[in-house]
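The block underneath contains the structure these notes are about, expressed in structure tokens.
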Number of protein chains: 2
Amino acid sequence: MKSSEGRSRVIIEDVQPQVDCGVHAVKRIVGDTIKISSVIYGDGHDHVDARLCYRPAREREWRYAPFRERGNDVWEAEFSVDAIGAWVYTVQGWIDHFSTWVHDLHKRIDAQEQLVPGEPAGGPEQNEGVTAVDENTVAQEDFIASKKVGVGITTRPPNDIALAFRTGAILLDQASSRARGEDARALKTVAGSLRSLAEKKIDHYEFPLDEDAIQLALKYPDLGFASMFPKELPLWVDRERAQFSSWYEFFPRSSRTDEKHGTFADATALLPSIAAMGFDVVYFPPIHPIGTAFRKGKNNSVVAEAGDVGSPWAIGNADGGHKAILRELGTMQDFAALVERAEKLNIEIALDIAFQCSPDHPWVKEHPEWFKIRPDGTIQYAENPPKKYQDIYPINFETADWRLLWKELYSVFAFWIDKGVHIFRVDNPHTKAIPFWQWCIAEVRRSHPEVIFLAEAFTRPHVMYGLAKIGYTQSYTYFSWRLKKDELTQYLQEITSPPVSDFFRPNLWPNTPDILVEFLQTGGRAAFMQRVILAATLAASYGIYGPAYELCEHLPAKPGSEEYLYSEKYQLRTWNREDPNSLVPLITQLNRIRHEHPALQRNDGLRFHGVSNENLIAYSKRSGEDVLLMIVNLDPHNTQSGWTDLSLAELGLPLNDETYSVHDLLSGETYAWHGSYNYVELHPEKMPAHVLVLRAD
Amino acid sequence: MKSSEGRSRVIIEDVQPQVDCGVHAVKRIVGDTIKISSVIYGDGHDHVDARLCYRPAREREWRYAPFRERGNDVWEAEFSVDAIGAWVYTVQGWIDHFSTWVHDLHKRIDAQEQLVPGEPAGGPEQNEGVTAVDENTVAQEDFIASKKVGVGITTRPPNDIALAFRTGAILLDQASSRARGEDARALKTVAGSLRSLAEKKIDHYEFPLDEDAIQLALKYPDLGFASMFPKELPLWVDRERAQFSSWYEFFPRSSRTDEKHGTFADATALLPSIAAMGFDVVYFPPIHPIGTAFRKGKNNSVVAEAGDVGSPWAIGNADGGHKAILRELGTMQDFAALVERAEKLNIEIALDIAFQCSPDHPWVKEHPEWFKIRPDGTIQYAENPPKKYQDIYPINFETADWRLLWKELYSVFAFWIDKGVHIFRVDNPHTKAIPFWQWCIAEVRRSHPEVIFLAEAFTRPHVMYGLAKIGYTQSYTYFSWRLKKDELTQYLQEITSPPVSDFFRPNLWPNTPDILVEFLQTGGRAAFMQRVILAATLAASYGIYGPAYELCEHLPAKPGSEEYLYSEKYQLRTWNREDPNSLVPLITQLNRIRHEHPALQRNDGLRFHGVSNENLIAYSKRSGEDVLLMIVNLDPHNTQSGWTDLSLAELGLPLNDETYSVHDLLSGETYAWHGSYNYVELHPEKMPAHVLVLRAD
């Protein structure tokens, strides 16, 4: 124990937020204000004070923010983060003898009149220094503390108060010794005046210090015996796009209208129209050479025909692996040109990182020890017995050569970062060793804190959350399969509230090349409208796989399958992007609304409201003054109507029955509403949703 | 990173129970079975296994208990503690390649028939190795893992299975190398038979291993890459009395029926009657020399008259301090005789430790630096401005001499432990430095783990819980002021459920020498009956201050005060222990029931039930087969009746409307009840409660 430790009387508990006891970092974005709460108390009646200590992890010096007691020993502070990267925070608390002295002196002064020598003074103070606590208890505390050791007796106040002045003078001298320059001199002066006051014969005292003097002294607390919360809690601060992003996925090889294999040049030509739709992230499936061994044919058939292009996820051939580009797509220069064009359009290119190899991948020859070897000496292909996927070799993360393996996998990210890619969508991260991801993401961020990792982990909740905790910036979710009101409500509440929202950021996808849910197969165009509206307004990040989505592609590979018929994963497709039934206008409108309304750019302002119809869902999003109310018809086949039951407080509306106007950003119409109960009716094909701006009249 | 670390693929999270992230110990009593849960998972489809590691903190070797998965990656294990003192536990998890192999081999064998060459085999396994998880998701997981890399193609099974046999043989050899003697040989044999089976030409395979062989191999898992939960979590195991105790407090100086000052000899003579009442802890207010400076007189008057005995909490005079005995009570030999007699009656003597001094305490002369010195050079007496308590000097825990101070305070416990005292009731611990208590309690327990500390902290909730966390065995509670049904229900649920019940043990007192609640002042004898029944049946530990309690002493010092008139704190009292209205018979009955019924000896079996009257409260306690149902009339003035609404499941009763008999342990009556709804009527003076044993007929 160091010499002051035994004299540190302040206890600091339960600092929040905290992810897994501070093992993992809390996530926020730059510019955020972070509220910190903690339970802080000391022994006895002495006043406690505390401050939040926070800093970027690389800096030496703490920054400080004051804590305020909210009652019942719960304290709160807040601070803002002005840079991306790693931050830490902790709490420091101390006994404030000066503030205790001020408090007691007030009582001594106030008591001058009431005091009748020889009589007990005052009753037990009911709530001294405490609020929102059982009054009996606190009363009882003072009661026992006083009565057991005898009732308070009083002498004539003056000498008592004079002595208190001298005590105060000592405390002020000490504050002065901790201050500098003008402050130090000022405090000395106050101390001096207290002392001379103590010498005077006075019958009735006034409180001797003005508020400035008190505040000045409080500026220089005695931290000699201060307590520190034992942990520095980690916080990771991302750039804004980590939270607010609109993703558009497409296969560059299908960017032509003729039957030919699309190139980066063709894909580049599509970027302006995608930017016009309002997307800011364009994500490509793997762009690497595709294996030929056991290549799959159209519709995932076992045998490929001549000319079949194969699955981009069967990575690697003689041309190279994860750092090479499929010949038919073009050259590294073509890719550079695409990235450059995208930047001009304020679009970021996101690449797919799928750590698995086709049998033709260079790693297979160069590092066979990175794969499982079977007793017959052959390399173990992917299996889910009795199913076999001989076109794929999974990596063996238990290899004795794991250090070199990790370095090589890391270098794949480093390579593409060097090519201007700062967003990666990671394929099935839950089938690779999680400690590898923890190390790899940290390693990338040491030099590139701006990099965003999206986890494509459709697996069990704890595993999905675990990947977010160890560093993934965003995660795919179960949204694709959450269709009913109660499912959507329960799930979105879970992933947008603490503790989950402190480390997990949802990215909602109504479809992907792997996921054509039955609802979209059977719901018609209205289903596609409904689901993209939900995705774009429920969470700050969402994405679609296009043009399949905006063109309402809905045929499954076979009944009961969620695979697309003629899936682009196995063949080229040509898309009629001029189709008059395309959802491009709706999607463009949604993305514009998202960009104009801060409420849709965060996840923490989501609240659900009542509406008297199971097929209608109502929810609002709020950020400061910006409030939007969404009402969506979940039934793609029938018009649904009902009465809202709005929480007016959540909407920032007057709690009386006054009228207010609601303006629908989708239809352009404006209605006069009042109170909580308002009639809504939504036609699934015409427009299955209201996106309402509220204005109190 | 050590060479295996990168290859450890199992993640271990959220081990429960845990108090403040393992900073403080979970509390249990010897013989308890402790349930541990944890979230445990790995990447991909490989099977995970885990074991609980636990041991007494002093031992080197871990003991192990198996974990079982309860679904959704939540695992559970349990272990029993067979010794008091400090224990630790943690979790170890690993990938079980053998169990994965067994699982896959079953699927390979089962698939032999179904397989049609060239056709995909099976669908996505909906719930492989998972329960209670979103099915879409898990299906989707396999779906993507499979389909994106191509559908499974199948060759003829035999050679595939033969290869699997060879893989299994390798795993069995490895298990054999980790085993010894007979097990090692047996595993080698199984491996050999698998190998020879792999050589044979077989058209149809049966599963080759029997359950014994499988279990034998599972006994020797490969822990080479096992993961350890990073923390060893602390557990403190107390003796049973830490949880189950019945306390009786009295002033030994008032143990005579004449006007004379009672002695230890007089107190000893009372012990048999207290033992007959069924109490097992007798607690004395401070027995030390009492100061004369500013001594308080009768009824806490400011001026003491000649012969006034003073407050036992004004500790210390020329005869000594905390290690001395008040002359009038007798000698150390008399005290030893009392302790010895108590032991024979299976009663433990608990002493009051109040770390504060009268101005006459030897410490004041020997160690003035342990107190606050005022600017005029005098020692600071206790104050709650403007109230002064000049008969008491508080200790200054910020003294530069804190190390010596701590040692001396600790030595007070050591002194009385040496005299045979193993239970201490600590006076106002929340007005002394909490880090001191943490150190002192740990120091005492290093050599005396059997010692019990009861915290008399009537203060704010977080402070009371904080003292329990840093080591106090038991705590006074707000029970004295919890009178209404909803107050009792909410509060008892809070303190008997996790997380609070993992570190906080309530000791319920309907009265103390400081607390005569208004309800007892005005409620008459019925109020005293009701409150002691509640205290004795709601919690495993309770106590009364007698004979004031059993004699229904109810006059307050003044209106609105919770102080007793003629309080024993300031004067001698003589009590008529033969009073026919005494509650001794009821209390004797309650303590006998407590000793006969394990359900009343723990706090974790408490459940509240419905009853259709706000003045009636119904609750049950259960431990294994032992179930008691209490129904109490909270109105001391009127008969109250109503209908119960019992949770039959909680009571272990058939969920149908069958009749069962309830036997009232207080009245001796038996009733035939059926189902949840039964009529009850309770007369406050006759007997305000049912204590029912339930027997299904």
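The values are calculated or read from the model by the stated rules, or taken from the named source; none is laboratory data. Because the structure is predicted, anything quoted here is derived from the model rather than measured. Cβ: placed from backbone, ideal geometry, glycine included. Neighbour counts: every protein chain shown. We work out accessible area using only protein heavy atoms, side chains counted, and drop any ligands, DNA or RNA first. Shrake-Rupley method; radii C 1.70, N 1.55, O 1.52, S 1.80 Å.
In table form, for the structure just shown:
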read-out: Residue tally, condition part of a helix (DSSP H, G or I) and open to solvent by 80 Å² or more (accessible area, probe 1.4 Å), over the range B:196-220; value: 4
read-out: Residue match in the range B:561-575 (condition: farther than 21 Å from B:P285 by Cα, outside any helix (DSSP H, G or I), more than 14 Å from every other protein chain (Cβ to nearest Cβ) and open to solvent by 40 Å² or more (accessible area, probe 1.4 Å)); value: no
read-out: Residue list for the range B:9-43, filter: in contact with a Pro (Cβ under 8 Å, 6 or more places away or on another chain), surrounded by fewer than 23 Cβ atoms within 10 Å (Cβ to Cβ) and facing another protein chain (nearest Cβ under 10 Å); value: B:G22, B:V23, B:H24
read-out: Candidates A:S254, A:S227, A:S193, filtered to the one that is of a type in the set (S, T, Y), surrounded by 18 or more Cβ atoms within 10 Å (Cβ to Cβ) and out of contact with any strand residue (DSSP E or B) (no Cβ under 6 Å at 6 or more places or on another chain); value: A:S254
read-out: Tabulated pairs, the range A:680-694, first within 11 Å of A:P636 (Cα to Cα), second open to solvent by 10 Å² or more (accessible area, probe 1.4 Å) and among the polar types (S, T, N, Q), C-beta under 7 angstrom, 6+ apart or interchain; value: A:L682/A:T639; A:L682/A:Q640; A:H683/A:T639; A:P684/A:N638; A:P684/A:T639; A:M687/A:S667
read-out: Among (1) hydroxyl-bearing (S, T, Y); (2) under 30 Å from B:D160 (Cβ atoms); (3) assigned by TED's automatic domain parsing to the domain that holds A:Y570 - the single one A:T331 does not satisfy; value: (2)
read-out: Within the range A:392-414, tally of residues that are open to solvent by 30 Å² or more (accessible area, probe 1.4 Å) and among the aromatic types (F, W, Y); value: 2
read-out: Filter result for B:F453 (at the interface with chain A (Cβ under 7 Å from one of its Cβ atoms) and not charged (D, E, K, R)); value: no
read-out: Hits in the range B:623-644 - residues which are under 19 Å from B:S541 (Cα atoms), buried (at least 21 other Cβ atoms within 10 Å of the Cβ) and not β-branched (V, I, T); value: B:L628, B:L629, B:M630
read-out: B:A442 vs. criteria under 18 Å from B:G85 (Cα atoms) and either under 20 Å from the mean Cα position of the chain (by Cα) or crowded, with 24+ Cβ neighbours inside 10 Å (or both); value: yes
read-out: Cross-chain or 6+ apart pairs with Cβ under 6 Å, the range A:410-431 first and more than 14 Å from chain B (Cβ to nearest Cβ), then open to solvent by 10 Å² or more (accessible area, probe 1.4 Å) and among the basic types (K, R); value: A:F415/A:K323
read-out: Filtered residues of the range B:57-85 (kept if touching a helix residue (DSSP H, G or I) at 6+ places or on another chain (Cβ under 8 Å) and either part of a helix (DSSP H, G or I) or more than 14 Å from chain A (Cβ to nearest Cβ) (or both)); value: B:G85
read-out: Selection within the range B:490-519 - charged (D, E, K, R) and either open to solvent by less than 10 Å² (accessible area, probe 1.4 Å) or in the same structural domain as B:A25 (by TED's automatic domain parsing) (or both); value: B:D514
read-out: Answer residue from the range B:456-489, given it is more than 9 Å from chain A (Cβ to nearest Cβ) and of a type in the set (A, V, I, L, M, F, W, C) and is surrounded by the fewest Cβ atoms within 10 Å (Cβ to Cβ) among those; value: B:L483
read-out: Residue within the range A:245-255 that is over 24 Å from the mean Cα position of the chain (by Cα), polar (S, T, N, Q) and not in a helix (DSSP H, G or I) present; value: yes
read-out: Residues within the range B:230-259 that are more than 30 Å from B:L326 (Cα to Cα) and β-branched (V, I, T), tallied; value: 1
read-out: Considering residues of the range A:276-308 that are crowded, with 20+ Cβ neighbours inside 10 Å and outside any loop (DSSP other than H, G, I, E, B) only, the residue nearest to the other protein chains (Cβ to nearest Cβ); value: A:N300
read-out: Cβ-Cβ under 7 Å pairs, at least 6 apart or on other chains, the range A:61-78 side under 10 Å from A:S38 (Cβ atoms) and assigned by TED's automatic domain parsing to the domain that holds A:Y89, far side part of a loop (DSSP other than H, G, I, E, B) and open to solvent by 80 Å² or more (accessible area, probe 1.4 Å); value: A:E76/A:R70
read-out: The range A:442-467 residues that are farther than 18 Å from A:E249 by Cα, paired with ones that are among the basic types (K, R) (beta carbon under 8 Å, 6 or more apart); value: A:E450/A:R239; A:V451/A:R445
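For every residue, the table says whether it meets (1) surrounded by 16 or more Cβ atoms within 10 Å (Cβ to Cβ); (2) not assigned by TED's automatic domain parsing to the domain that holds B:S255.
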position	(1), (2)
B:A336	no, no
B:W370	yes, yes
B:P385	yes, yes
B:K388	yes, yes
B:W416	yes, no
B:N428	yes, no
